[in-house]
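To start, the structure itself, in structure tokens.
Values in this text are rule-based calculations from the coordinates and carry no lab data. For clarity, every value in this text was computed on a predicted model and none was experimentally measured. Reconstructed Cβ throughout: ideal geometry from the backbone, glycine too, with neighbour counts over all protein chains shown.
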Amino acid sequence: MHFHRFSFRVRYGETDQMGVVYHGNYPQYMEMGRVEWMRSLGISYKKMEENGIMLPVISLEMKFKKSAVYDDLLTVVTSLKKEPLVRIEFDYQIFNEEQELLVEGNTVLAFIDMATKRPVKCPDSLLSRLGFIQ
């Protein structure tokens with residue numbers, strides 16, 4: 001299905017005293033991948049929020065395979081798992097420069113109407129950009 005690659009370098013402040021990326025940074029890396037995935041489709045979180053829709057994370061899973069270290073060039077591969085309805089689900093793979101798989105992850109986000117705080121269906125504009133509707 002739809003996927004996007006995004007690369008960046010690990011900053012010193014993201015590591016512990018051993019130069020290893022602190023595990024709590026990986027959800028941020030996944031968010032960066034997700035935001036860039038949306039941007040590649042011409043959609044922004046900011047615009048969705050201006051239109052009254054927010055996307056809180058309702059589920060997060062990660063499996064650690066190998067550590068990233070300071071100054072590694074990481075690539076986050078973000079994939080849409082299935083057609084979004086009221087939820088949108090992404091899979092992630094994070095690789096180092098040697099193409100070693102470091103982390104696998106998954107997030108589920110819900111489309112929420114900001115005024116009512118209730119779930120709503122995926123906006124047609126996103127479904128259209130993904131090719132699910134004409």
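Peptides 95-101, 69-75 ranked from most to least packed by the mean count of surrounding Cβ atoms within 10 Å: 69-75, 95-101. Listed cross-link partners Lys81/Lys117; Lys81/Lys121; Lys46/Lys66; Lys65/Lys121 are compared with a 23 Å cut-off, the Cα-Cα value being larger for Lys81/Lys117; Lys46/Lys66; Lys65/Lys121. Of the peptides 106-113, 60-67, 3-10, the ranking by mean beta-carbon count within 10 Å, highest at the top, reads 106-113, 3-10, 60-67. Using θ = phi - 60° in the Karplus curve 6.51 cos²θ - 1.76 cosθ + 1.60, the 3J(HN,Hα) couplings for segment 101-108 round to 6, 9, 9, 10, x, 8, 10, 10 Hz; x is entered for Gly and Pro.
Compute the helix-to-body angle for 26-40: its Cα long axis versus the longest principal axis of the chain, expressed 0 to 90° and rounded to tens. Its long axis makes an angle of about 50 degrees. For Leu102, the residues whose amide H sits under 5 Å from its own are Ile94, Phe95, Asn96, ignoring neighbours fewer than 5 places away on the same chain, with H placed 1.01 Å from N.
With a/c under 1.5 counting as rounded, go ahead and sort segment 3-129 into rounded, prolate or oblate using the C-alpha gyration tensor (a ≥ b ≥ c being the square roots of the eigenvalues; past the cut-off, prolate if a/b is larger than b/c, else oblate). Note, shape of segment 3-129 comes out prolate. Which residues in segment 1-39 place their backbone N less than 20 Å from a point set 7 Å from the Cα of Ser125 along the Cα-to-Cβ direction? Within reach of a label on Ser125, which here means backbone N under 20 Å from a point 7 Å along Cα→Cβ, segment 1-39 contributes 34-39.
Multiplying the residue separation of Ser67 and Lys81 by 0.36 nm and subtracting their alpha-carbon distance yields 2.5 nm.
Order of Thr116, Thr78, Thr15 from fewest to most other C-beta atoms within 10 Å?
In order of increasing Cβ crowding within 10 Å: Thr116, Thr15, Thr78.
For segment 3-129, averaging the sequence separation of C-alpha pairs within contact (under 8 Å, six or more residues apart) and dividing by the residue count gives a relative contact order of 28 percent.
Consider a paramagnetic label point 7 Å from the Cα of Lys47 along Cα→Cβ; state which residues of segment 1-29 have an amide N under 19 Å from it. Taking a point 7 Å out along Cα→Cβ of Lys47, the residues of segment 1-29 whose backbone N falls under 19 Å are 2-5. Remark: segment 3-15, residue by residue, has Karplus-estimated 3J(HN,Hα) of 9, 8, 10, 9, 10, 7, 9, 5, 8, 4, x, 8, 10 Hz, where x stands for each Gly or Pro and the curve is 6.51 cos²θ - 1.76 cosθ + 1.60 at θ = phi - 60°. Within the shell of other residues whose beta carbon sits under 13 angstrom from the beta carbon of Val35, the net charge comes to +1, with Lys and Arg scored +1 and Asp and Glu -1.
Modelled this way, with points 7 Å down the Cα-to-C-beta line, the labels at Phe132 and Thr116 are 1.8 nm from one another. A crude spin-label estimate for the pair Asp16 and Glu97, with each label 7 Å from Cα along the Cβ direction, gives 2.4 nm.
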